[in-house]
Amino acid sequence: MWNNRAVLFVISYEAPCLSPIGVWPGHPLIDGGFRVSRRPLAPTVVFDLDGTLVDTVADMATALDCALTPYGCAPTTSEEAASMMGDGLSGFFWKALVAKRLDLSAEDAALVYQQFLAAYRRMPVSGSRAYPGIRELVEEIRDCGAHTAVCTNKVEDIAMEILRRLDLVSLFDAIVGHVGDRPKKPDPLTLIEAIGHAGGRRERAIMIGDTGADVGAAIAAGIPAILVSYGYSHVPTHALRTYVHVDSVDELRDAVLRFMAAGDRRVRSQVYR
């Protein structure tokens, strides 16, 4: 028979979804000062921002062109901008310098990067829009009792301003982006912080994104991920191994609701199929 310490460990892990294991009426863990809660853990649904919630390439391209005006570069198309997404604003900027074959000194590049950020902060949502159906999806899963969060490689204050101007910010319990030396996805730290700040726990969390960085962060955090194909992935999303792939917001809704309805064990057994 297990001792009390072993029983306590099993109960603390299994209680969110299952009845207590190894506990009987009159057991001191039940009739003493401690009671096992059978209340299920609320799921936590974490979204990437760019290419998952919001189509942002037009405004990023405009801000880049503004910063590069003195260098006579051709305007950046939405397709070109999309090919440089996925690694935050600094990653986008450095990829643009390479793509446009600009040979700037470190000092000039740092100055132009700050000008790019300033231009983007002035007009972050001139052409950006939430993907059709996203607002309704987030509202629905919140109505079903889920925690919601945003985990993005974009500079955090700009990410929050985009969501505020699109009237989406109130739909999320946490918005975590790049600040200071905080690592970017696929490092799992930002994702883990987003889950915690939203009030959730990893064993009932899922990541939704559009690139390998999102999948990598989910794998490192030990949670499933849903990949959308309508975003900015540099490679076909179906080539990336993940919990499930979707091609539209309607398919995303179905996948999220299935995750929310599934038990913890069932989901974890399908994480990397």
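Every number in this text was worked out from the coordinates using simple rules, so none of it is lab data. These numbers were taken from a predicted model, which means no experiment stands behind them. Here the Cβ is made from the backbone with ideal geometry for all residues, glycine too, and neighbour counts use every protein chain on show.
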* What number of residues within region 201-225 satisfy the criterion of being more than 18 Å from V138 (Cβ to Cβ), of a type outside the set (K, R) and part of a helix (DSSP H, G or I)? -> 10
* So which of A61, A119 is in contact (Cβ under 8 Å) with a residue 12 or more places away in the chain, over 25 Å from P183 (Cβ atoms) and touching a Cys at 6+ places or on another chain (Cβ under 7 Å)? -> A119
* Structure fact -> Within region 69-82, the count of residues that are of a type in the set (S, T, N, Q) and crowded, with 16+ Cβ neighbours inside 10 Å comes to 1
* **Any helices (runs of 4 or more DSSP H) falling wholly within region 70-126 and containing at least 3 residues that are over 27 Å from D48 (Cα atoms)** => 106-122
* Criterion (surrounded by fewer than 17 Cβ atoms within 10 Å (Cβ to Cβ), within 16 Å of V57 (Cα to Cα) and in contact with a strand residue (DSSP E or B) (Cβ under 8 Å, 6 or more places away or on another chain)) met by exactly one of R129, R142 -> R129
